[in-house]
Amino acid sequence: MNILSVFNIGLLAATLRGATPLIFAAIGVTYAERSGVTNIGVEGIMLFGAFSAVLVTYYTKNPWIGVLAAVIVGGLLGLVHAWTSITLKANQIVTGAAVNLLAVGIPNYLLIAIWNQPGASPMVANIKPLHIAFLANLPIIGPLFNSQNLLAYLAIFAAIVGQIILFHTPLGLHIRAVGEDPRAADTVGIDVYKLRYLCVIFSGMMAGLGGAYLSVAQLSMFTKQMTQGRGFIAMGAMIFGKWTPIGSLGACLLFGFADALQLALQTIGVSIPSDLLMTFPYVLTLIALAGFVGRSAAPAAVGKPYDKG
Amino acid sequence: MKFSFTELIHRITDRKSWLESAGMFLGATVVGLLFGAIVIWSSNKSPIVAYTALFSGAFGSLYGFTEVLMSTTPLLLAGLSVAFAFHCGLFNIGAEGQLMLGGLAAGWAGYAIQGLPWYLHLPLALLCGVAAGALWSLIAGALKAWKGIHEVISTIMLNYIAFNIGDYMVSSNGPLKAAGIIPATPYVLNTARLLPIIPNTRFSGGIFIALVMAVLMGYVLWHTRLGYRIRAVGKSPSAAEYAGIPPRQTMLLAMAISGGLAGLAGAVQVLGLSYRFSSTFSPGYGFDAIAIALLGSLHPFGIVLASLLFGILHAGSVKMQQTAGVSNDIIYAISGIIIFFVALRGVLVNFQSRFSHKNATAKVQK
Amino acid sequence: MELSICMQGIVKSFPGVLANDHIDLQVARGEVHGLLGENGAGKTTLMNILSGMYRPDEGQIELFGKPVRFESPKDALAKGIGMVYQHFMLIPTFTVAENLTLGAEITRGGFLDRSKSESMVKELSKKYGLAIEPSAKVQYISVGAQQRVEILKVLYRGAQIIILDEPTAVLTPQETEDLYQTVNALRKAGHTIIFISHKLNEVLRFTDRVTVLRAGKVVGTRVTSETTAEELASLMVGRSVSLHVKKLPREVDAEMLKVENLKALDARRLPALRGVSFNVHAGEIVGIAGVEGNGQTQLVEALTGLIRTTGGTIRLDGEDITHFPTSERFCRGIAHIPEDRHRRGLILDFSLAENSILGYPDRISLRSGFRLDMKSIRKFCAKLMAAFDVRAPSPDVMAGGLSGGNQQKLVLAREFSRCPKLLIAAQPTRGLDVGATEFIHNSLLAERKRGAAILLLSLELSEIMDLSDRILVFYEGKIVGECLRETTNEDEIGLLMTGGRHEVLIH
């Protein structure tokens, strides 16, 4: 058995598959933090999104409607977080933790209440990989595109568009201004609350989308606690990516690679126990954060409620 | 992500009176249970039947009540753990992972160390649990102190790593697995057990260890120089630094104590109830601990009451599941709502106290 | 007289405080109108109302004879009112051009047009003679340049009326002179200027007329050329005050602090102290003058052990303390009144009693091993409060509930209470009213008389001039001048503060 045999094009394809949900969530939290609001609830919102997608797909038989539902549910949870942290000025980390606990309880409770199944939902229709002939026929890297679905392309596209909006449009400038110094932004007529609401709702929608990818694209069901800390890994990716969508994309691909690698190693039966291999993405996240010195990149007003007075 | 909990700690700890804390406690509990009722009702089950089952399970018999106390024990210790870190400005979401490793270490010490009398073996096994929890939390503490990594992210990552270590240790080829199918360590020796002290129950008296810890924590925080330092760093790291209190070392110490308490929670649970470690021994006590610490206003006495409430929910949920078919997952939803409520209530209280602060200022100036 | 602004019966209250109590203010077109008052008199609140930041509870505003209502600063700007805040409303990580155009960006096809906005900013800066570099990041430009960006920002938005909130507070004497020229030029161009200040001499110099506020009310409006500093001061404070402290001649004693070739880095790891040497004797006040950010903060932090030094030695009473931790230095007799009492000097959420032992690891009488003896700490705190007239109901109230003056008195009482050998006082009167400032100045002089060596840091040159026996001038991490109080004057110090004598020849 040759360990090097896992390093093939299939590993890269798996990397992108593993990274896709992280990319969505990371872009979302990047926007939220750029506007000055921390949203550690993304973990829970992803889980709610994963569950909603399966629930709606179960009844409509159409995974895309499920994805839409996940985005809406995510947006609504984002709205709740926006309301508590922006309007009510509650502690953002604590309310985010509350969302995460709700997400442990409610989907699991509903699993039993709806399907009477404690661990996982029934199988539902899922989103099929997209076959784009000219990409798939490319030499060497062709297989990379074989197994990807529309959402994977959407994730990369979102990172690029997210980068352009944040750094090359007035809207992005305003968002960054609000996250750095809301009062300064307010004095030149930028609506701080509106932008923060928008960004936090957007972060919820993106987290919902990431969750939907897990349940109706990667798998075709919901399993208990299926996000496994991916929301937090996405936050790590945001920090590692210096609060930029493109940087986050890169970091997510790195973490996706860690995930893909540990799965590939498990599959070929490498002598490291699978339980320990599974810690790889988490360990890598910690190492990436520890190695990355430069907290100054964080928006100055993150976590601080703005009081108009 | 950067964040200071100073304001939150202030809001929660400096209430004008006990009455306010008590009001918040009751309010949050009622809102939490109401929310739970709505979820139960919306799944076509009767909340009245469910809650009746829950409370009769908890209070209907001596056995039921001792079960409440048995659930309360790890919850109280874990709640103290989260609160202790909070007083130093740290949000330890990692209590669950620390608890897991504390249980693992205590379980290992309970069967692997042999030939000691109980009065040495039991404290040693407990101490192993404390040490494991403390060391694990120190990783997050060090990352925070020297690398500025927010403890919320690092402790979550460490949780997942701890869960996987726990799984691995008792997996089919795991080094600590007992013979047989069940993924668990061998049973701990009698010399390391907290044995039942009331006949026909599982009541081990571990709750007394937890209560002693609660009293000790109150004493340390408000009546010792160590506590003064920890609270000073929690309320204002820059003022503490000015005063010659090293914020980093103090944070590390507070984090280690916090992790030690969580580790103790795991150890008491393994040595006093299951008598062996399996990676599923905690139904998420470390996460409930966040709600408990906040609901108890970060004060030991409040945390005793809050953990008792959650002990009732946990112990009673067994009967609720049997009788009313309502799964205990609902408890997480309830604790989520309780945290929400406490965080939001903090806003109102803060608003009021700001008002009276200004009044006080005006008065003082006259 | 044509009015540009007429505010009538303005009332604004915050929870527990009546900030503006039926204020009437009339400003003529094309004048520089001073708004004078102590901190907390309501000047800034009034101007926040005029600039649309706050909405008044009662009262009307007329602009060029027409009643107006502002819902936001944007509204006010659209009507031609622009405010330059004391704490600049600039985003440090953005460029000058980005800051200047924020909220009214120049775009092409929906995207930001950087080159066009930079050339526009360049033109604007030429037009008004305010030199700035459009592509520089604001965090790397000087405070004076930041202020120019702020002024250009409101001009870019077409402001006719410009409110300057304490504009000289952060400027060097030379930058203040430049500002004076700018204000004059703007007036000549037909702009109306409101000049908020608590400094008498500047109001006298800059303004045509002046309105004085006290405790939220207007106590008088004067034509500047017809009034005096004494009259304005008594209007401002409500009683006659002596504008200068009385000081006994110094009796220099032994050398208490000796600093040699001290080097240290700032938070960005750039050299902040580049080899500083000086000494302070017992019974002497040495003032450190300098523009903010020239290494004074790092000097204090290095002396108190808050940052590590990268070279040189610090000797206290002959003993080398260069590598001692902070707590050890306190034990050896250093006391420190920190620059920012909210952030460093006090824990606002601690009681006064708890605050009274902050930084005192060696207070034997209050120490019983592991335990904290709260009873004797309370007693000790009560003693401090009595001695320094800290007005609070009891040692158990939270420090955050006290007024700024009382907070500072508590810090002073604590730091003085142990008869320090060396007292480091950083900006001891920042943000305090005239009464509290007087008290603190006299307390410092009393310590000097007792025989303490005192190192005084202040951005207020007049404070340095009033109290110091010797003055050291900091510029870019070095001491560029040392003067005896008797033989120097503000002009000389001011010049040194901007980098040395050679510039004299240029001017």
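If I take every Cα pair under 8 Å that is 6 or more residues apart in segment C:3-237, average their sequence separation and divide by the length, what percent do I get for the relative contact order?
Values: 462 pairs, mean separation 66.7, N = 235.
Here the relative contact order equals 28 percent.
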Review point. What residues have an amide H closer than 5 Å to that of C:M83, excluding those fewer than 5 places away on the same chain, when H is modeled at 1.01 Å from N in the peptide plane?
Key: C:I163
Review point. What percentages, rounded to whole numbers, describe P(r) for the protein assembly as shown computed over all alpha carbon pairs with 10 Å bin width beginning at zero?
Key: 2, 9, 16, 20, 20, 15, 10, 6, 2, 0, 0
Practice item. Assign one of three labels to segment C:3-237, namely rounded, prolate or oblate, based on the Cα gyration tensor with a ≥ b ≥ c the square roots of its eigenvalues; rounded applies when a/c is under 1.5, prolate when it is not and a/b is larger than b/c, and oblate otherwise. Key: prolate
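Need one word for segment B:6-330: rounded, prolate or oblate. Basis is the Cα gyration tensor (sqrt eigenvalues a ≥ b ≥ c); a/c below 1.5 gives rounded, then a/b vs b/c decides. Can you show the working numbers first?
On the way: a/c = 1.65, a/b = 1.10, b/c = 1.50.
Oblate, because a/c is 1.5 or more while a/b does not exceed b/c.
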**Study point:** chain B, relative contact order [Cα under 8 Å, separation at least 6], %
**Key:** 34 percent
Revision key, fill the gap. With x for Gly and Pro, the residue-by-residue ³J(HN,Hα) of segment A:63-80, computed from phi through the Karplus equation 6.51 cos²θ - 1.76 cosθ + 1.60 at θ = phi - 60° and given in whole Hz, is x, 5, 5, x, 4, 4, 4, 4, 5, 5, 4, x, x, 5, 5, x, 4, 4
Study note, to complete from the structure: Between the alpha carbon centres of segment C:373-440 and segment C:47-68 the gap in Å comes to 39 Å
Practice item. Could you size up the charge dipole of the protein assembly as shown around its Cα centre, putting +1 on the beta carbon of Lys and Arg and -1 on that of Asp and Glu, and report it in debye to the nearest 20? Key: 1740 debye
Exercise for review: Starting from the eigenvalues of the Cα gyration tensor, five times each then square-rooted, give me the equivalent ellipsoid semi-axes of segment A:3-291, largest first, whole Å.
Suggested key: 30, 23, 19
Practice item. Tabulate in residue order the Karplus-calculated ³J(HN,Hα) for segment A:262-278, using 6.51 cos²θ - 1.76 cosθ + 1.60 with θ = phi - 60°, rounded to whole Hz; enter x for Gly and Pro. Key: 5, 5, 5, 5, 4, 5, 7, x, 5, 6, 7, x, 4, 4, 7, 4, 5
Study note, to complete from the structure: Quick note, segment C:122-208: a/c under 1.5 would make it rounded; otherwise a/b > b/c is prolate and the rest oblate (a ≥ b ≥ c, C-alpha gyration tensor); here it is oblate
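Add +1 for every Lys or Arg and -1 for every Asp or Glu among the other residues with Cβ under 14 Å from the Cβ of B:Y160, and state the total. Mind dumping the intermediate values first?
Values: positive: A:R230; negative: A:E43, A:D259, A:D275, B:E96, B:D167.
Net local charge, B:Y160 excluded: -4.
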Point to revise | Whole-Hz ³J(HN,Hα) from phi, Karplus 6.51 cos²θ - 1.76 cosθ + 1.60, for segment C:66-78, glycine and proline x | key: 10, x, 10, 9, 10, 9, 7, x, 5, 4, 5, 4, 4
**Study point:** Hull volume in cubic angstrom per residue (convex hull over the Cα atoms of chain C)
**Key:** 174 Å³
Check your understanding: Per residue of the protein assembly as shown, what 222 nm ellipticity follows from adding -39500 (n - 2.57) for every DSSP H run with n ≥ 4, rounded to the nearest 500?
Key -> -17500 deg cm²/dmol
Check your understanding: What is the set of long-range amide H partners of B:G325 at a cut-off below 5 Å, with H atoms built 1.01 Å from backbone N?
Key -> none
Check your understanding: What does the average come to when, for each residue of peptide B:322-333, you count the partner chain Cβ atoms lying within 10 Å of its Cβ?
Key -> 5
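If you take the Cα atoms of segment B:255-321, find Rg, then find the Kirkwood Rh from the mean of 1/r over all pairs, what is Rg/Rh?
On the way: Rg = 12.8 Å, Rh = 13.0 Å.
Radius of gyration relative to Kirkwood radius: 0.99.
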Review point. Could you give the nm distance between label points at B:S61 and C:D389, where each point is 7 Å from its Cα heading toward the beta carbon?
Key: 7.4 nm
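May I ask you to derive the relative contact order of segment B:75-126, considering only C-alpha pairs under 8 Å and at least 6 residues apart, and to give it as an integer percent? Provide the component values of the computation, followed by the final result.
Details: 20 pairs, mean separation 13.4, N = 52.
Computed value for segment B:75-126: 26 percent relative contact order.
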Practice item. Using only Cα atoms, locate the centre of segment C:1-31 and the centre of segment A:37-98, then give the distance between them in Å, rounded to an integer. Key: 48 Å
Revision key, fill the gap. Expressed in angstrom and rounded, the centroid-to-centroid distance over alpha carbons for segment C:96-162 and segment B:104-171 is 57 Å
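No value in this document is a laboratory result; all are computed from the given coordinates. Remember, predicted model here, so these are calculated numbers, not experimental data. FYI the Cβ positions are ideal-geometry reconstructions off the backbone, even for glycines, and counts take in every protein chain you see.
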